[in-house]
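**Student:** For reference, the structure I am asking about is given below.
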Amino acid sequence: MFSKRKLFIISIGLLFIFAFKQADDYFEVSKNLEIFGGVYKEIHTGYVDDIKPGELMKKGIDAMLGSLDPYTNFYTESQAEDAMIMRSGEYGGIGCSSVKRGDYQYINIVYRGLAADKAGLRVGDKLIEVNGKNFVGKSLEESSDALRGSPNTKVVLTIERDGIKKLVEITREDIKLKNVSYFGLVNAEIGYIKLDHFMMGAAKEVKDALVNLKQRGVKNIVLDLRDNGGGLLHEAVSIVNIFIGINQIVVTTKGRADEAFREYKTLDQVVDATIPLVVLVNSHSASASEIVCGAIQDFDRGVVIGRNTFGKGLVQNTKGLPYGTQMKLTIAKYYIPSNRCIQLLDYSHRNPDGSAGIVPDSLRKAFKTKSGRVVYDGGGVKPDVLVAESKLSNLSKNLEKNYLIFDFATHYRNEHEAIADISNFKISEKDFVDFKNFITTQNFNYFTNSETALKLFKEKVAEEDNLAILKNEIESIENSIKKIKMNDLEKNKVEIMTMLSSEIARRYYYEEAVIESTFNSDKDVLKSINLLNDLAQYLSILTIK
């Protein structure tokens, strides 16, 4: 009896402690809101210069949320509309995007069959005016707002192509961006699906692509999630369901609030539970991409190939706020079928410089896949087959960075009305000579790593007052570097010609040309082909060793 009374007293005590803690928390919130409001009011009424109240408040909110994690964000009314478009993939517009270079914007993507394409807009066109309004010096956000609008309304662009200005009238339409940007045959037996987004309808697009490819006779599938930053969680679960049977837990979310705990299961019959499957990932595969590849790995349903994924195991929920604003709030962490969380960065324990700490190897826990293979948490999804990242030469990086590959492709498109089909197109030796002549007219120069190191060395020598003594030796090294740089184009000729062929093909055959043109050189795809051609090796990876 005494023990029951004691237990009752302890329970009542805990309830009082909890109640007092809640009251204390509410007081702290109320007190600090009052302090914040007081500061804001005093700045607004008494600061020496005029301020913009909305901008000031947004900076304050952004700074507060920035101390939490990069994914908890505040959206103004216009930003909330853009965020909704990103989730749905639908908007009224013309179907293109642009990139800003200095004061000008250049069209860098034209989507096949949409309004901009039908009106004759091309990649490389320079945007000068929109509806008579000068757009030189304008931001990408401003041009995006101007190009969007209600379907069936018109927008008139002034573009510059090959030095000639041209008016282009375009009728806006409903734009539905695709999640699957491309699917097709790598060869007669291997199908390839490139998934770029997890917007609404992503799972249906993947399913439709798989069914189409199987009807064309493929016996193996490559699902490419490289550079896919994620999106809607339920679409990720539904994509896993294409390859995994019904009523399987794909992901569990856990947070501070009780309602954050949820289990997401496969709800439909599997489309294909046995077709050999490879999933391609890299360091830019994040969030929903990691749920898909992690679940495929944990169920031993396919082989993951590439590089470690990004490591985002956080779940966000969108909350409506007054005056049409919104907030995207991190509410939970997600756990894939093996019960591991792949979150890489620890935002609750920051480094002294304010950066998030990386989960150390000593704190990572081992988990097991369905067949018993060991996998680890805390560092993204580690591929079953690691492939070293392909790195461009310093010269090629600089050619790309300075838009010389892009600009030559624009020049080439203006000079050639048509090219061979994608599978047969490659630039010729003459084209490469033309490119070399082209870059000499663009005042192109770049610094090699050797030059950067030599510059630092010269600065140190000068500090020590020894520049005159080492003058001849330094000049000799400088001349040698110049000779090496003169040979760089020839040394990297194959790499540069591949880049040029891909960019030029894109001008005629759209984004899918870039994918198809790299099948024979893409290290991840080539590794997938080798593995899928060897079923015994494929199966051995998915079993305990």
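**Student:** If you project the alpha carbons of the stretch 211-256 onto the principal axes, what extent comes out on each, in Å, largest first?
**Tutor:** The Cα atoms of the stretch 211-256 stretch 49, 29, 13 Å along their principal axes.
**Student:** Where both residues lie in the chain, what percent of DSSP beta bridges are antiparallel, nearest 5? Could the numbers behind the result be given before it?
**Tutor:** Details: 54 of 70 bridges.
Approximately 75 percent, going by the DSSP bridge assignments.
**Student:** From the alpha carbon gyration tensor of the stretch 90-176, can you work out the equivalent ellipsoid semi-axes (sqrt of 5 times each eigenvalue) and give them in Å, largest to smallest?
**Tutor:** Output for the stretch 90-176: semi-axes of 19, 14, 12 Å.
**Student:** Quick one: putting +1 on the C-beta of Lys and Arg, -1 on the C-beta of Asp and Glu, what dipole do you get for the chain around its Cα centre, in Debye to the nearest 20?
**Tutor:** Working: 72 positive and 73 negative charges, 315 e Å.
In total the dipole reaches around 1520 debye.
**Student:** How long are the semi-axes of the equivalent ellipsoid of the stretch 394-527, defined as square roots of 5 times the Cα gyration tensor eigenvalues? Whole Å, largest first.
**Tutor:** They are 39, 16, 12 Å, listed largest first.
**Student:** Expressed in nm², what is the orientationally averaged projection area of the convex hull enclosing the Cα positions of the stretch 457-512?
**Tutor:** Across all orientations, the stretch 457-512 yields a mean hull projection of 6.1 nm².
**Student:** Could you give the dipole magnitude of the stretch 394-527 about its Cα centre, charging the beta-carbon of Lys and Arg +1 and that of Asp and Glu -1, in debye to the nearest 20?
**Tutor:** Here the stretch 394-527 has a charge dipole of around 200 debye.
**Student:** Given a cut-off of under 8 Å on Cα pairs at least six residues apart, what relative contact order in percent is computed for the chain?
**Tutor:** 11
**Student:** Which order results if Tyr40, Tyr334, Tyr538, Tyr403 are arranged by neighbouring Cβ count within 10 Å, fewest first?
**Tutor:** The order, fewest Cβ neighbours first, is Tyr40, Tyr403, Tyr538, Tyr334.
**Student:** Right, another one. In a Debye calculation with equal point scatterers on the alpha-carbon sites of the stretch 180-389 and no solvent, what is log10 I(q)/I(0) at q = 0.10 Å⁻¹?
**Tutor:** Taken in order of the listed q values, log10 I(q)/I(0) reads -0.43.
**Student:** Identify the trypsin sites (Lys or Arg not before Pro) of the stretch 232-276 meeting these criteria: DSSP loop state and at most 16 other C-beta atoms within 10 Å of the C-beta.
**Tutor:** Arg256
**Student:** Further, regarding this structure: Given the DSSP H assignment, sum -39500 (n - 2.57) over each helix run of at least 4 residues in the chain and divide by its residue total; what's the result at 222 nm in deg cm²/dmol, nearest 500?
**Tutor:** Taking each H run of at least 4 residues, the total per residue is -13500 deg cm²/dmol.
**Student:** On to the next question. Can you give the convex hull volume per residue for the Cα atoms of the chain, as a whole number of Å³?
**Tutor:** 265
**Student:** Separate question: Projecting each Cα onto the charge dipole of the chain (Lys/Arg +1, Asp/Glu -1 at the beta carbon, about the Cα centre), which of Phe243, Ile529, Ile175 comes out farthest on the positive side?
**Tutor:** The residue sitting most towards the positive pole is Phe243.
**Student:** Taking the beta-carbon count within 10 Å as an exposure proxy, list Asp421, Asp224, Asp196 from fewest neighbours to most.
**Tutor:** On the way: Asp421 11, Asp224 28, Asp196 20.
Fewest-to-most Cβ neighbours within 10 Å comes out as Asp421, Asp196, Asp224.
**Student:** Next question. So for Val303, Val136, fewest C-beta neighbours within 10 Å to most, what's the order? All intermediate terms of the calculation are to be shown ahead of the outcome.
**Tutor:** Numbers: Val303 23, Val136 12.
Ranked by crowding around the Cβ, least crowded first: Val136, Val303.
Read-outs throughout are calculated quantities, based only on the coordinates presented, and are distinct from any laboratory measurement. The shown structure was predicted, so the numbers you read here are calculated from the model rather than taken from an experiment. Positions of Cβ are backbone-derived with ideal geometry, glycine not excepted, and every protein chain shown enters the neighbour counts.
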